[in-house]
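Beneath this line is the structure, given in C-alpha cells, with notes to follow.
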Amino acid sequence: MREQIDIETWAMVRAQQIVMQQGANLVVAAQRLDHKKTTANTYALRTAIMASLIEAMKSPPSPTMVAGDLQA
C-alpha cells in the first residue's frame, strides 16, 4: 500500500513540475501569438511527458503492484 502512495505522490509532483515549467512556457508563447515558440514549447512539453513516462516505466514494480496484478 505504501508503494502505491509513493508512486501516486511521485506522479502528482512530476505532473505539477511539467505543467509549471513546460506548460507555462507554452501558455505564454501562445498568448503572445509567437508561432515558433508555441511550436517549440509544444515539442518541449511532449518531450517532458514522454521522459516522465519512460522514467516511470524504468522503475521496478513493487511487490504490492505485482501481487495486485496477479489478483486482477
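Any read-out appearing in this document is the output of simple, stated calculations on the displayed coordinates, not a laboratory observation. What you see is a predicted model, and the numbers here were worked out from it, not measured in a lab.
Using C-alpha pairs below 8 Å separated by at least 6 residues, the relative contact order for the range 2-60 is 30 percent.
With the gyration tensor restricted to C-alpha atoms of the range 2-60, the semi-axes of the equivalent ellipsoid amount to 28, 12, 4 Å, longest first.
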